[in-house]
Amino acid sequence: MVFLAEHFVRAPQWTWYILFYFFFAGLAGGAYVLGTLLRLSGDPRDEHASKLGYYVALPALVLCPILLTADLGASWSRFWHMLIDVTPGETSPILHYWSPMSTGAWALLIFGVFAFVSAADAWLADRRGAPLLPPAVGRVIGIAGSLFALFIASYTGVLLSVSNQPVWSDTWTLGGLFLASGLSGAAALITLLVRYRSEAVVSLARLRVADGYFSILELVLLVAFFITVALAGEATRIVSWFPLWIVALVGIVASLLGVRRPARAPVTGETAAAPLAIEATVVSVLVLVAVLAMRAAVIFSAQ
Amino acid sequence: MAQSIQAGQSYGFFTDTSVCIGCKACEVACKEWNQLQGDSPAFLADSFDNTGSLDAQNWRHVQFVEHVPDESATAGNGTAWLMMSDVCKHCKHASCMEVCPTGAIIRTEFDTVFIQQDVCNGCRNCIAACPYSVIGMNQQTGTAHKCTLCYDRLQGGLEPACAKACPTQSIQFGPLADLQKAADVRLATLHSQGQTQAQLYGRDESVYGGLNAFFLLMDKPETYGLPNADNARLPSRNDAGGYLAALVTGVLAVVAGLVAFRRRVTR
């Protein structure tokens, strides 16, 4: 039996702040995970790309609470009510594990500490020539931080689903979809930043390969998203945002095509890197635009 | 109200739509007592319902369900109009309360659902969750507003303003058990009169564990914009599936990343 969902709910009017929060949360989480994975690759030369990941994760993450606080209807000074229940006479920390907004607020706080420590360690390593933390400790922090990074990049999708909104609550795919797209976007962002750190170019071709894997995951989840929403009888709501979906698909396809032509020349010098950079730049920009467009399409299709 | 209102007991509304005459006295009484300014005047022009919907300024909303035929109705087929004074349902298992991250939404000592204005920070998660479109944002305070079931009046031993003002007893206030008994009697009466379409909504646990503000309807719930028992589901139903999909994606992505980045160090 096909179950058709009926919704009589009001839209929460989450718009631009939240869209960009979802965007930067995906990039921050994705970049941190990639920074850690690159560090675990077994090749010390990947350290440069790894540091780019940590460097970009921190500012992207710092934007997140700012955007969230700006979106609050009440005074910005009540942002901490997400963490502390201020009910008179019963003031205490609050964590409702079944409410993604509650777990997300804590995860942002904890991930913020990891993102800061890893970025600071990378910066100190660049300044002093050696990291402050022993490499093993740096790795453990990176792995622990990556668990929170994966959560930050994905829970925003689950948050949308844990509601009674049409489209959002009709699918189980959004958490995975946002995670895959966040990782893909982060790979694209690191690729773009390689121009500012030419030593990182050795990791570039494999970043494209990783992006390809992430894009395959994203494509599979996107198909599952369309199927689940259509089965709930809400397909028309998604179709009306069809231009945004096209932009999102272009990014995925560009990323997959970009992988099909990996760097043939040994990428060691500036001259070898140059032709790769143009193609990689185009692909990366398309991927980043797609990350934003996909989130916009999901957010707007319910409201 | 002969008996006094006591903390620790469950209170609610029984809204009997079969006797609602659409006078909107409940809307006015609610606004007066709760000092709601109302939305800026608009002319909806497609109905005698000019309120539109429940929101931050409208905590009672007399909904007009109109099936006015093009030709004049013959005597006795008076189903062209259905009227229902809608209100927050004060669900036993409340979607709004479930998702609220701040603990602003609580159950009071009268077993009603109440938004603490000094705790709410305006995140609007409750608006995304409420399946009845009850909650709205108050533009002055930037916080979520809805029916309080006249929490302040109950504390003072008074019945809610809307029930007090209702001239037809379409809105009845009282201890939940008493209301449920009254509703059963009323339903039996209507059925015995041949009004077989009459049904109770939220009287039993099939809808959000039971509604403290429940209804007698003269048509199926969807006609009034109320989700039926199949559709009345809590937001947390999607926690497990959502996180599981994220977890599987995360594991696959990490493995994919490790495979992509793995390299033998060539010397």
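What the table below lists for this structure:
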item	result
Signed unit charges on C-beta, dipole axis of the protein assembly as shown, positive-most listed residue A:I110, A:G89, B:L154	A:I110
With Cα atoms, 0 to 90° folded angle of helix A:16-39 axis to chain A main axis	40 degrees
Chain A, Rg to Rh (Cα coordinates; Rh as Kirkwood inverse mean 1/r)	1.00
B:S4 paired with A:S77, simple spin-label distance in nm, labels 7 Å along Cα-to-beta-carbon	4.0 nm
Theoretical FRET efficiency, 1/(1+(r/R0)^6), r = Cβ-Cβ of A:L147 and A:V220, R0 22 Å, to 0.05	0.45
The range B:106-194: Cα Rg divided by the 2.2 N^0.38 Å rule of thumb	1.36
Cut-off under 5 Å, modelled amide H: who pairs with B:C91 long-range	B:N212
10 Å Cβ neighbours from other chains, averaged over peptide A:92-100	5
For A:12-23, mean number of other protein chain Cβ atoms within 10 Å	2
Restricting the range B:226-265 to trypsin sites (Lys or Arg not before Pro) in coil, as DSSP defines it, with at most 15 other Cβ within 10 Å	B:R262, B:R263, B:R264
Dipole of the range A:16-302, positive end: most advanced residue of A:L179, A:P135, A:V202 [Cβ charges, Cα centre]	A:V202
Length-normalised contact order for chain A - Cα pairs under 8 Å, 6+ apart - percent	24 percent
Helix-only CD estimate at 222 nm, as mean residue ellipticity for the protein assembly as shown, using -39500 (n - 2.57) per DSSP H run (n ≥ 4)	-16500 deg cm²/dmol
Helix A:174-193 axis, angle to chain A major axis (alpha carbon atoms, nearest 10°)	30 degrees
Overall dimensions of the range B:11-231 as given by Cα atoms, namely Rg and Dmax in Å	17.2, 55
Nearest-20 debye value, chain B charge dipole, Cβ charges on Lys, Arg, Asp, Glu	1520 debye
Cα gyration tensor shape for the protein assembly as shown, rounded if a/c is under 1.5, else prolate or oblate	prolate
Degrees between helix A:135-161 axis and first principal axis of chain A (Cα, 0 to 90, nearest 10)	30 degrees
Reachable lysines from B:K220, criterion Cα separation under 27 angstrom, eight or more residues apart if same chain	B:K24, B:K89, B:K92, B:K146, B:K181
Neighbouring partner chain Cβ atoms per residue of A:69-79, average, 10 Å criterion	5
For chain B, with +1 on Lys and Arg beta carbons and -1 on Asp and Glu, the positive-most of B:L247, B:W33, B:C20 along the dipole	B:L247
DSSP H segments from chain B that extend 30 Å or more along their own axis, Cα-based, with Kyte-Doolittle mean of 1.0 or above	B:239-261
Student exercise, the protein assembly as shown dipole from Lys, Arg, Asp, Glu Cβ charges, in Debye to nearest 20	2560 debye
Taking A:F148, B:F43, B:F13 and counting other C-beta atoms within 10 Å, the order from fewest to most	B:F43, A:F148, B:F13
Spatially proximal aspartates and glutamates relative to B:K31 (Cα-Cα < 19 Å; intrachain offsets below 8 disregarded)	B:D39, B:D49, B:D55, B:D86, B:D152, B:E159
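None of the figures in this text is laboratory data; all of them are computed from the coordinates on show. This structure is a prediction, so every number in the text was calculated from the model and none was measured. No Cβ is skipped: glycine too gets one built from the backbone with ideal geometry, and neighbour counts run over all protein chains shown.
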